[in-house]
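The values are calculated or read from the model by the stated rules, or taken from the named source; none is laboratory data. Just so we're clear, the structure is a prediction, and the values are computed from it rather than from any experiment. All Cβ positions, even for glycine, are placed from backbone atoms using ideal geometry, and neighbour counts span all protein chains on display.
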Amino acid sequence: MIARIVFLAALVAIGYLGFVRRNRLPVNIMLLFVVLGLAAVAVIFPEEMDPIAQYMGVTAGVDMIVYLVQVGLLFVSLHFYTKFVDHQRQIAVLVREMAILKAELDQSRRGTASPPPVLQPHADQRARDAAE
Amino acid sequence: MDHRQITWVVIAAYNEAAMIGRVVSGVLDDGWKVAVVDDGSRDDTAANAAAAGAVVLRHVVNLGQGAALQTGIEFALGRGAERIVTFDADGQHRVEDLPAMVAALDDADVALGSRHLGGTEGASSGRKIFLRAATAMSNKMSGVKLTDAHCGFRAFRATIAPKLRMRQERMAHASELLGLIGKSGARIVEVPVTIRYTDYSKQKGQSPLQAIRIMFDHAFRR
């Protein structure tokens, strides 16, 4: 019983953080509440999950939920890993741009700067990379 | 023909304050243009490189050797370089090999230094075996058949540079670069070079265990 209360409290907390604290798009909110609702049903009536699980080829509802959580966690991990790599590349583009601009500035102060038009195509290329 | 006026030597450096001044001076004294990319060093690398006369580009955070080289390459392209050389900051590469590397581009798009065609000074037999094994694996993965796949002494024409844009920030850029060269259809030539392994360069260099991380980066971070 305590476990159910803990799980339901966790679902309420997630709903609060996802819905009240953040200004998400409606479709995300709806999807979130469908998932939370299904999770709440699974917590309150775990035995009701058994027929669904058996229909899907899993022995028990609890096992099915564990499998779904595993798949969900894998998806979330990959999603954030991809985001992490993207952000690293964007940082690299920004740091590179800063380094080149600073070097050009230093050189121009010494009167040895290159003409700006030569730099332009590469700046565009970097911008395209950042947008990818 | 003297290629010094159309060539930029790009040196990526991270915490190389002890050696970078000597390396830059050696290259500049031979008449080459030098761009040093200080990859967020915590020591006086940038100051020492600038004092030696190099153009210094400074990454405000450490991004890795691949990203640093790419920064130097883009700067050199912006400066109108027709030929670009990548050169190590730890004193492993010899200035005496620079003219042959750059001249090799007369008949090729990419010139790759090979310590197996040239020589090594101070390399342990273990390192030689490791390098041979790494080259065999790299040849299989990249499709480019080389005698030395991971020599950082490279030269290429500016016209091929857009096809060789590295996205791997860290050490996996070497394997990535070979893959890009293979796909680009560039004319490749290997040039004999001598690599000097000193106590300093061995201390700064890659440990064979880092090969595992490089393989991970190469496999998953494309």
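The figures follow:
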read-out	value
Segment A:62-87 residues that are more than 20 Å from residue A:4 (Cβ to Cβ), paired with ones that are modelled with pLDDT under 90 and among the aromatic types (Phe, Trp, Tyr) (beta carbon under 9 Å, 6 or more apart)	A:81/B:220; A:85/B:220
Verdict on residue A:123 being modelled with pLDDT of 85 or more, within 12 Å of another protein chain (Cβ to nearest Cβ) and touching a helix residue (DSSP H, G or I) at 6+ places or on another chain (Cβ under 8 Å)	no
Hits in segment A:1-19 - residues which are at pLDDT 70 or above and surrounded by fewer than 14 Cβ atoms within 10 Å (Cβ to Cβ)	A:2, A:3, A:4, A:5, A:6, A:9, A:10, A:12, A:13, A:16, A:17
Residue match in segment B:111-120 (condition: within 14 Å of residue B:194 (Cβ to Cβ) and aliphatic (A, V, I, L, M))	yes
Test: residue in segment B:39-62 that is within 22 Å of residue B:2 (Cβ to Cβ), touching a residue at least 12 places away in the same chain (Cβ under 8 Å) and of a type in the set (S, T, N, Q)	no
Index of the failed condition, residue B:100 passing every other in (1) within 17 Å of residue B:161 (Cβ to Cβ); (2) away from every other protein chain (no Cβ under 13 Å); (3) of a type in the set (A, V, I, L, M, F, W, C)	(1)
Residue within segment A:54-71 that is of a type in the set (Gly, Ala, Ser) and closer than 30 Å to residue B:60 by Cα present	no
Sole residue being more than 29 Å from residue B:60 (Cα to Cα) and either out of contact with any Gly (no Cβ under 8 Å at 6 or more places or on another chain) or among the hydroxyl-bearing types (Ser, Thr, Tyr) (or both), chosen from A:11, A:94	A:11
Residues satisfying the stated conditions in segment B:15-40, i.e. within 14 Å of chain A (Cβ to nearest Cβ), buried (at least 21 other Cβ atoms within 10 Å of the Cβ), over 22 Å from residue B:109 (Cα atoms) and not β-branched (Val, Ile, Thr)	B:38, B:39
Failed criterion for residue B:57 (all others in (1) aliphatic (A, V, I, L, M); (2) in contact with a Phe, Trp or Tyr (Cβ under 7 Å, 6 or more places away or on another chain); (3) more than 9 Å from every other protein chain (Cβ to nearest Cβ) hold)	(3)
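Residues are listed down the side, and each one gets a yes or a no for (1) at pLDDT 75 or above; (2) away from chain A (no Cβ under 14 Å); (3) in contact with a Ser or Thr (Cβ under 6 Å, 6 or more places away or on another chain):
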position	(1), (2), (3)
B:129	yes, yes, no
B:156	yes, yes, no
B:159	yes, no, no
B:164	yes, no, no
B:168	no, no, no
B:176	yes, no, no
B:182	yes, yes, yes
B:200	yes, yes, no
B:204	no, yes, no
